[in-house]
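**Student:** Handing you a structure now.
The values are calculated or read from the model by the stated rules, or taken from the named source; none is laboratory data. These numbers come from a predicted model, not from an experiment. Note: ideal-geometry Cβ built from the backbone for every residue, glycine included; neighbour counts use all protein chains shown. These area figures cover heavy atoms from the full protein model, side chains too; ligands, DNA and RNA do not enter into them. Shrake-Rupley method; radii C 1.70, N 1.55, O 1.52, S 1.80 Å.
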Amino acid sequence: MNDQLVIGGHCFQSRFILGSGKFSLEIMKAVVENGGAEIVTLALRRANIGGEENILEHIPDHVTLLPNTSGARNAEEAVRIARLAREVNCGDFVKVEVIRDSKYLMPDNYETIKATEILAKEGFIVMPYMYPDLNVARALVDAGAAAVMPLAAPIGSNKGLSTKDFIQILVDEIDLPIIVDAGIGRPSEACEVMEMGVDAVMCNTAVATAGNVALMAKAFGQAIAAGRNTHLAGLGRVLNRVAEASSPLTGFLED
Amino acid sequence: MAIKKTNPMEYGKDMEIIDSDMMNQIIKMVKNYDYNQYTEADVKRVMSKETLKPDDFGVILSPAALPFLEELAKKAVTETRKHFGNNVCLFTPLYISNYCENHCVYCGFNCKNKIRRGKLSFAEMEEELKAIAETGLKELLILTGESRHQSGVGYIGEAIKLAANYFTNIGIEIYPLNSDEYAYLHDCGADFVSVYQETYNIDKYEQVHLSGSKRIFPYRFYSQERAIQGGMRGVAFGALLGLDDFRKDAFATGLHAFLMQQKYPHAEIAFSTPRLRPFINNADNNPNDVHEKQLLQVMIAFRLLMPYAGITISTRERAGFRDNVIGMVATKISAGVSVGVGGHKLEEKADEQFEISDPRSVPEVHRMILSKGLQPVYTDYIRV
């Protein structure tokens with residue numbers, strides 16, 4: 001079975017997207033390999049191109065870079081950061097991140113739509129990070145997004161699937177890859193969203209703050225693959241805890 | 001001849017007054033803050049909470065919390081890692097002038113102190129900037145003494161423009177400005193402003209700031225707010241711990257930052273925790289004394305109140321302390337520090353403000369961070 005994740009016409013075997021902002025660069029290669037990630041996000045603000053501890057030198061060559069616009073407080077700044085990423089050969093993928101709240105780091109959906117529209121017109125493969133709102137997701141589709149990246153819980157919180165029901169609505173209604181980004185705290189939660197029909201999962205903090213980072217990356221890779229397979233296989237019958245009524249409720253009907 | 005003392009609550013000529021009640025709110029809350037009222041049970045109750053309110057923050061700062069320092073440190077490290085991962089940012093300060101017009105009794109730069117004064121010419125500055133940039137650093141903090149005459153806004157603006165050729169992040173630690181002046185320096189390339197209130201106790205503030213514009217308490221207090229209104233990305237807060245009752249000053253500092261974040265949710269918030277060292281052989285006798293234990297308690301309290309705020313660890317602290325608080329509570333550390341005017345490439349042109357306790361170079365600090373399993377970060381923001 002050839003089950004690929006397709007984003008903006010590009011195909012990927014792995015559905016695990018690795019965030020890179022919170023762990024030590026020297027273990028980057030091992031983490032990518034263990035998790036089997038084919039896409040790695042990077043904050044351009046932290047790249048330090050040409051300088052010390054440049055993250056770009058630590059990401060394996062075969063990996064697709066997904067630069068993000070973190071640090072942007074409005075659409076205009078996000079657009080400028082994306083253009084800069086392209087100029088320094090980070091490719092055409094961009095994760096739009098517009099945040100005007102230093103406490104919860106909540107994405108600004110309105111500015112995100114504006115940035116998505118501008119960047120999509122400029123030929124970027126735009127993957128916007130958003131609070132899971134159906135109307136906003138529809139607007140992002142119209143704006144030319146290549147995927148939609150709803151948060152499961154606030155960034156870095158490891159709180160798991162706080163927005164589960166709203167993500168399910170996006171899975172059911174939006175005809176683009178849905179990639180859950182932020183908040184996933186453990187592999188079992190990644191597995192659960194994949195079972196729901198989400199197309200991929202992005203993780204950073206949950207891996208970076210683990211006792212054994214490389215092993216946790218592996219666990220996420222496996223959980224995401226297992227969740228995907230479960231979704232494709234279709235869950236089997238689930239027994240109800242309450243006993244079925246012994247006499248049928250519709251027995252009175254005549255032919 | 002007796003010098004006429006001015007009223008520290010009265011604004012000077014040309015000082016901008018903004019419409020804000022934050023100062024009165026904080027002064028009232030600090031006045032009502034009685035840290036001796038809290039018990040072990042209060043500390044345990046607060047430790048079980050996921051997020052802290054200002055009252056809870058007061059509990060963590062209390063003497064009752066001190067026996068729980070180890071448990072609090074464990075809680076703090078979890079929060080720091082959640083928000084910052086392994087990252088520790090590196091920067092260095094550059095003093096471009098040490099002229100000062102204030103008479104602050106605790107400060108080596110004060111105008112009554114007969115020290116070597118000087119400021120860097122732009123050519124000298126360029127030399128210094130190049131030398132710092134060669135160490136790989138990308139974040140610079142430009143400092144001056146507080147003299148509008150010797151180091152005017154125009155001079156500082158030109159310094160920032162020069163620095164912007166070499167550095168991606170430029171912060172300033174200078175005298176308080178009006179919002180339009182902050183806007184000008186933002187346009188020049190700076191985007192982070194540190195202003196330390198020294199003490200939030202107005203009586204004490206008046207006693208230790210004998211003359212100069214720094215004596216005006218409210219103008220200094222509202223610096224951060226004017227800076228944000230002027231378009232700066234972020235602001236740092238701090239009190240000189242030990243100058244007065246450090247628990248009250250730390251409480252006020254935390255509240256100040258907390259209320260600013262509530263009012264300006266987009267603003268980046270950071271803390272610094274400079275302290276006056278206690279006299280030896282005077283241990284625990286003075287409530288103002290800030291030993292390392294108390295200093296760590298303050299840093300932990302800031303971390304738990306605002307887990308997302310940056311905390312810078314001062315070069316005034318010894319290497320052993322600095323090395324252990326990064327990753328636990330602190331997120332930023334200086335390296336290759338000179339606190340005289342110049343000193344990176346040129347010989348120091350003027351005297352230092354204080355003695356540093358950690359003279360390590362950038363590569364030395366870099367290696368130390370790696371040895372702790374942490375990640376040195378040279379740039380954390382991109383100006384577009």
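**Student:** Relative contact order of chain B: what whole-number percent is it, with Cα pairs under 8 angstrom and at least 6 residues apart?
**Tutor:** 24 percent
**Student:** On to the next question. If you count the DSSP beta bridges with both ends in segment A:5-233, what percent of them are antiparallel, to the nearest 5?
**Tutor:** Here the antiparallel bridges make up roughly 15 percent for segment A:5-233.
**Student:** Would you compute, from DSSP H runs of 4+ residues alone, the mean residue ellipticity of chain B at 222 nm, taking -39500 (n - 2.57) per run and dividing by the full residue count, rounded to the nearest 500?
**Tutor:** Calculated mean residue ellipticity at 222 nm is -11000 deg cm²/dmol.
**Student:** Now for a separate question. How much mean residue ellipticity at 222 nm does chain A get from its helices, if each DSSP H run of length 4 or more adds -39500 (n - 2.57) and you divide by all residues, to the nearest 500 deg cm²/dmol?
**Tutor:** On the way: 8 runs with 88 residues, N = 255.
Taking each H run of at least 4 residues, the total per residue is -10500 deg cm²/dmol.
**Student:** If you don't mind, there's one more thing I want to ask. How big is the antiparallel share of DSSP beta bridges in the protein assembly as shown, given as a percent to the nearest 5?
**Tutor:** 15 percent
**Student:** Another question about this same structure. Restricting to DSSP loop positions (anything but H, G, I, E, B) with no more than 10 other Cβ atoms inside 10 Å of their own Cβ, which trypsin sites (Lys or Arg not before Pro) remain in segment B:30-127?
**Tutor:** Listed in order of number, the matching sites are B:K114.
**Student:** Can you spot the lysines whose alpha carbon is less than 17 Å from B:K74's alpha carbon? Ignore those fewer than 8 places along the same chain.
**Tutor:** B:K44, B:K49, B:K82, B:K293, B:K372
**Student:** Further question: Roll a 1.4 angstrom probe over the protein heavy atoms and tell me the percent of accessible area of the protein assembly as shown that is carbon or sulfur.
**Tutor:** Result for the protein assembly as shown: 49 percent of the exposed heavy-atom area is carbon or sulfur.
**Student:** OK, next. Please figure out what share of the DSSP beta bridges in segment B:39-377 is antiparallel and state it in percent, rounded to the nearest 5.
**Tutor:** In segment B:39-377, DSSP labels about 10 percent of beta bridges as antiparallel.
**Student:** For segment A:5-233, what is the accessible area per residue in Å², given a 1.4 Å probe and the full set of protein chains?
**Tutor:** 38 Å²
**Student:** With +1 on the Cβ of every Lys and Arg and -1 on the Cβ of every Asp and Glu, and nothing else charged, how large is the dipole of segment B:39-377 about its Cα centre, in debye rounded to the nearest 20? Don't jump to the answer; show the numbers that get you there.
**Tutor:** Working: 39 positive and 42 negative charges, 78 e Å.
The calculation lands at about 380 debye.
**Student:** Loop by DSSP (not H, G, I, E, B), at most 11 other beta-carbon atoms within 10 Å: where is the longest site-free stretch of chain A for trypsin sites (Lys or Arg not before Pro)?
**Tutor:** A:1-236
**Student:** Looking at chain B, which Cys residues are left with no other cysteine's beta carbon under 4.7 Å from theirs?
**Tutor:** B:C89, B:C100, B:C111, B:C188
**Student:** Run down the lysines and flag those whose C-alpha is under 16 Å from the C-alpha of A:K29, throwing out any fewer than 8 positions away in its chain.
**Tutor:** A:K218
**Student:** Could you list, bin by bin from short to long, the percent of Cα-Cα pairs of the protein assembly as shown in 10 Å steps?
**Tutor:** Taking every Cα pair in the protein assembly as shown, the percentages come to 3, 15, 25, 24, 17, 9, 4, 2, 1, 0, 0, 0.
**Student:** Before anything else, pin down the relative contact order of segment A:118-223: Cα pairs under 8 Å, at least 6 apart, normalised by residue count, whole percent.
**Tutor:** 22 percent
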